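Following: one structure in structure tokens, then a few remarks.
The values are calculated or read from the model by the stated rules, or taken from the named source; none is laboratory data. Note that this is a predicted model, so its numbers are computed, not measured. Every residue, glycine as well, gets a Cβ built from its backbone with ideal geometry; the counts of neighbours run over all protein chains shown.
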4 protein chains.
Amino acid sequence: MQIDLNCDMGESFGRWELGEDEAVLAVVTSANIASGFHAGDPLVIQRTVELAARRQVAIGAHPSYPDLQGFGRREMNLSFDEVEAMILYQVSALAGFCRAEGVELVHVKPHGALYNQAAKDLHLAQAIARGVKRFSPQLILVGLAGSALIEAGLSNNLRVAREGFPDRAYEPDGSLRPRRLPGAVLESTIDVCAQAVRLASQGIHVTRVNGESTIPVDTLCIHGDHPGAALRAAAVRSALEEKGIEVGSLIG
Amino acid sequence: MQIDLNCDMGESFGRWELGEDEAVLAVVTSANIASGFHAGDPLVIQRTVELAARRQVAIGAHPSYPDLQGFGRREMNLSFDEVEAMILYQVSALAGFCRAEGVELVHVKPHGALYNQAAKDLHLAQAIARGVKRFSPQLILVGLAGSALIEAGLSNNLRVAREGFPDRAYEPDGSLRPRRLPGAVLESTIDVCAQAVRLASQGIHVTRVNGESTIPVDTLCIHGDHPGAALRAAAVRSALEEKGIEVGSLIG
Amino acid sequence: MQIDLNCDMGESFGRWELGEDEAVLAVVTSANIASGFHAGDPLVIQRTVELAARRQVAIGAHPSYPDLQGFGRREMNLSFDEVEAMILYQVSALAGFCRAEGVELVHVKPHGALYNQAAKDLHLAQAIARGVKRFSPQLILVGLAGSALIEAGLSNNLRVAREGFPDRAYEPDGSLRPRRLPGAVLESTIDVCAQAVRLASQGIHVTRVNGESTIPVDTLCIHGDHPGAALRAAAVRSALEEKGIEVGSLIG
Amino acid sequence: MQIDLNCDMGESFGRWELGEDEAVLAVVTSANIASGFHAGDPLVIQRTVELAARRQVAIGAHPSYPDLQGFGRREMNLSFDEVEAMILYQVSALAGFCRAEGVELVHVKPHGALYNQAAKDLHLAQAIARGVKRFSPQLILVGLAGSALIEAGLSNNLRVAREGFPDRAYEPDGSLRPRRLPGAVLESTIDVCAQAVRLASQGIHVTRVNGESTIPVDTLCIHGDHPGAALRAAAVRSALEEKGIEVGSLIG
């Protein structure tokens, strides 16, 4: 049994710093690096790629809608052609920094509102998958387990990684409990660790009127932008390894 | 005898259109495509790369300071590390669109204020050359003939292309006559054509107290953002070919 | 009988030019000036306010979502607090240029996707109205006739101006015929002039199961960003005046 | 004897937070609020204006070059017309939020590279002063004591406030010791407090070949963007008051 731990990073911009990238990189196995549209200017990208490469953490692009002010978290309504080109632009930029460091770009995980909209909108998800594939059919597309983005990746013959969230509650139908509802976010490290083990070992349980099923999970999302992020990431990793779950990257 | 004709293009942005790219592409042999920092959103880049590829025109990146409002024409004061990273970012993005179209990225020509400052500031020019080389040592760096940018390219073991301006007057010392002086810009197509032939066949004459010399010219800049640009480009090409000067790209 | 003719303008940005502002200003009575978020840098705003002031055309702010690349035409999902603050920011900026020219800011007309979303979403429309009112309760809020934006203006005790579109077909229920349907845009100048006269003199006819009604129209939108815009604007004005409809600004 | 204490604030942007504005506002008498071009989106501006108004701290605009990525700290080369319009735009925006809160905009202090360049370049300084004056001749222009910006303010009949830096060493000629030289920045709170008292009570000593003179100081700059900023500000204020120097705003 193996699981990947991924974390968004490189989300500083110019004078503004965010995240505990160095500390988190000591724990995770995949780094989703902001690609300049919601965060991450060229210098930030360079430093983050260097840090991740030194730690031998697998590097992915973390493309977003073009929205610095909203940190890529605001839904936008772009044409599918534009989404495809926007993905290709950001993935290409990230890949160039990897090339300069002598490492491979391994995966692509859309950010924020783009990720959330693509979980439900198959047309949008297809545009993302096409953009990824145009750069390279070898890239792994990371999306919410059970979502339209995973479906779009598969139908474009891309490798996919199904993502689970150790710090979010799941509904009986396998969807994430909406943040506005009570209990949506698991607060205690113990609960988060327990859910991480459950997701890695059993996947997501889905109960529907016509029966039960399970969605496997390939990678767990570690949130890196709050205080104590690195400590919690370490706790999650430790809990997984104690249960005999190997923590390794998607290409490990 | 052979000369390259290059033109900046892809300088539209969103709703705003600029240039006669399609018509100019029928004439020139190299296209410097705006890379998103002074002009050129991802969709514009994609369309321009497609057009150039279809015409078999050699494609180059046209990186700039991050300044949409000033169209990259305003001097800025960035750290050299930032310039290097900014070049790598933009070159990588352009290269990704080329890769998606199945063509090679051939050259890099800095835009506007960056080009002008790098003609004189060797430290800045070195930062640009390092950024280009980090992406690929095979890329050709295009700079003003006789400038610090050419020097920086050579000292970084990059191939360089020395650029001449058919529509600009040259001073006896081989520098461009400053635009604020009378006669700096050649207005008539006849004069422009004659100077194109002269630059291609003889290079730039330099008269100094200690003697005369010549700076060879590898590529001629065609300005594409004014009305009638494509017609004048055709006149220049025709004049060159009539004199037996072959027009071909830098890798032709 | 009187009607206002309004036109969006000042939609250039840096190197990129758009519209026939000078020619259109000779015809219209209200100018909606782009306020920097979808178009209009400070120099463009200054020139446009000067031009409008010289022609004694009533000046309005034309605030937008922050989206230069999409020209404010892409739906975005901002919090209502953010919309209110964004409106106040842009209206204040425009008002400052008016103050410097010694003229009044008369009205506010939201741009693009913000206008369209606010026509249907009363919560969004209320946020816009609050932003306008916070700057000054004397400002006139311009919105689609019969829309939520007009309702929000009225419930905030703002003066409102109900806008009609001479070049767009209306559905029997008084709504604009969606652009994707055939016949949505009136192409001929004759049809546009006839509809302008109809809207100014009779308003918009509304047929519902429970009877017929009419929505009065206070201002007609002249599109200024296509070739021939000024000529068509002149034709519309001429047609109105021939029918005895006085063309004058909202404060005329 | 009276002195103003001013601090830059409102320098967060979207997701990125910076500064200890609330704590600093309890100590200073003037707030220079980022106006959107180097930091400060509309929501941040609104919150900061509200906080300052509640504390009855005098509010100023803090306009900058348009450069989020460089935080307004990179020199740029804009035309003087553009600088004037850019100042008017930002000052107007800030003034609108003040108006909405029912308070006055008191002063304008340029930010970062614009401040530094305007200290030496009288033409640039004049453009800034014209922009300020176009909004209102009642505004106070804050600039480096002894600089071209103060000169430009006076020659435009603006009230000016001459700024001193408690945490920076001064050269014998009255200029700030360049940051790259040793001892340029005073590190200890004791030294900073002593210099604050000296600047407030005696001004800046200037020794030239032709004699000695003194430049009076009207306002002291408190840096707010490093940890412990509020504590140090309190120490400075306390030191001043102990020496019988009244701390009050420029309009106090």
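Filter the stretch D:24-46 down to the residues that are part of a loop (DSSP other than H, G, I, E, B) and of a type outside the set (A, V, I, L, M, F, W, C), then identify the one that is farthest from D:Met86 (Cα to Cα). Filtering the stretch D:24-46 for residues that are part of a loop (DSSP other than H, G, I, E, B) and of a type outside the set (A, V, I, L, M, F, W, C), the one farthest from D:Met86 (Cα to Cα) comes out as D:Thr29.
With respect to the conditions (1) in a helix (DSSP H, G or I); (2) surrounded by 15 or more Cβ atoms within 10 Å (Cβ to Cβ); (3) in contact (Cβ under 8 Å) with a residue 60 or more places away in the chain, A:Ala129 falls short on a single one, namely (3).
A quick yes/no check of all residues on (1) within 23 Å of D:Met9 (Cα to Cα); (2) under 17 Å from the mean Cα position of the chain (by Cα); (3) of a type in the set (Phe, Trp, Tyr):
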site	(1), (2), (3)
D:Asp173	no, no, no
D:Thr207	no, no, no
D:Pro216	no, yes, no
D:Ala234	yes, no, no
D:Arg237	yes, yes, no
D:Leu240	yes, no, no
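Residues of the stretch B:56-106 that are within 16 Å of A:Asp41 (Cα to Cα), assigned to a helix (DSSP H, G or I) and of a type in the set (Gly, Ala, Ser): B:Ala85, B:Ser92, B:Ala93.
Picking from residues in the stretch A:202-224 that are surrounded by fewer than 17 Cβ atoms within 10 Å (Cβ to Cβ) and touching an Asp or Glu at 6+ places or on another chain (Cβ under 9 Å), the one that is nearest to A:His111 (Cα to Cα) is A:His205.
Of all residues in the stretch B:108-134, those satisfying the criterion of being within 14 Å of chain A (Cβ to nearest Cβ) and more than 26 Å from B:Ile222 (Cβ to Cβ) are B:Ala127, B:Arg130, B:Lys133, B:Arg134. Just checking, does the stretch D:65-80 include any residue being in contact with a helix residue (DSSP H, G or I) (Cβ under 9 Å, 6 or more places away or on another chain), within 25 Å of D:Ser249 (Cα to Cα) and acidic (Asp, Glu)? Looking through the stretch D:65-80, none of the residues is in contact with a helix residue (DSSP H, G or I) (Cβ under 9 Å, 6 or more places away or on another chain), within 25 Å of D:Ser249 (Cα to Cα) and acidic (Asp, Glu). Could you list, in sequence order, the residues of the stretch C:10-56 that are of a type outside the set (Gly, Ala, Ser), in contact (Cβ under 8 Å) with a residue 24 or more places away in the chain, away from chain B (no Cβ under 14 Å) and farther than 18 Å from C:Gly96 by Cβ? Passing the criteria: C:Glu20, C:Asp21, C:Glu22, C:Val24, C:Leu25, C:Val27, C:Val28, C:Thr29, C:Arg55. Per the listing C:Val44, C:Val28, the residue uniquely buried (at least 24 other Cβ atoms within 10 Å of the Cβ), of a type in the set (Val, Ile, Thr) and touching a helix residue (DSSP H, G or I) at 6+ places or on another chain (Cβ under 8 Å) is C:Val28.
From the set of residues in the stretch C:57-88 that are within 12 Å of chain D (Cβ to nearest Cβ) and without any contact (Cβ under 8 Å) to a residue 12 or more places away in the chain, which is surrounded by the fewest Cβ atoms within 10 Å (Cβ to Cβ)? Out of the qualifying residues, it is C:Ser79.
Every condition in (1) under 30 Å from A:Met9 (Cβ atoms); (2) touching a helix residue (DSSP H, G or I) at 6+ places or on another chain (Cβ under 6 Å); (3) more than 14 Å from chain C (Cβ to nearest Cβ) holds for D:Ile3 except the one numbered (1).
Among the candidates C:Glu171, C:Glu163, the residue that is in contact with a Lys or Arg (Cβ under 8 Å, 6 or more places away or on another chain) and either crowded, with 17+ Cβ neighbours inside 10 Å or among the polar types (S, T, N, Q) (or both) is uniquely C:Glu163.
To keep it simple, each residue is scored yes or no on (1) in contact with a Ser or Thr (Cβ under 9 Å, 6 or more places away or on another chain); (2) among the charged types (D, E, K, R); (3) modelled with pLDDT under 95.
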residue	(1), (2), (3)
A:Cys7	yes, no, no
A:Gly14	no, no, no
A:Gly19	yes, no, yes
A:Val24	no, no, no
A:Ile33	yes, no, no
A:Thr48	yes, no, no
A:Ala53	no, no, no
A:Ala58	yes, no, no
A:His62	yes, no, no
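Being crowded, with 17+ Cβ neighbours inside 10 Å and within 24 Å of B:Leu105 (Cβ to Cβ) is not true of B:Ile245. The set of residues in the stretch C:200-233 being among the hydrophobic types (A, V, I, L, M, F, W, C) and closer than 26 Å to C:Ser249 by Cβ consists of C:Ala200, C:Ile204, C:Ile215, C:Val217, C:Leu220, C:Cys221, C:Ile222, C:Ala229, C:Ala230, C:Leu231, C:Ala233. Give all pairs with beta carbons closer than 7 Å in which a residue from the stretch A:185-200 that is without any contact (Cβ under 8 Å) to a residue 60 or more places away in the chain meets a residue that is part of a helix (DSSP H, G or I) and among the charged types (D, E, K, R); count only pairs at least 6 apart in sequence or on separate chains. From the stretch A:185-200, the pairs are A:Thr189/A:Arg232; A:Val192/A:Arg232.
Scanning the stretch A:145-203 for residues that are among the β-branched types (Val, Ile, Thr) and over 25 Å from A:Phe135 (Cβ atoms) turns up A:Val185, A:Thr189, A:Ile190, A:Val192, A:Val197. Within the option set B:Leu105, B:Leu154, being at pLDDT 95 or above and either away from every other protein chain (no Cβ under 12 Å) or more than 30 Å from B:Val197 (Cα to Cα) (or both) holds for one residue only, B:Leu154.
Would you mind stating whether C:Asp218 is in contact with a Leu (Cβ under 7 Å, 6 or more places away or on another chain) and touching a residue at least 12 places away in the same chain (Cβ under 8 Å)? It is true that C:Asp218 is in contact with a Leu (Cβ under 7 Å, 6 or more places away or on another chain) and touching a residue at least 12 places away in the same chain (Cβ under 8 Å).
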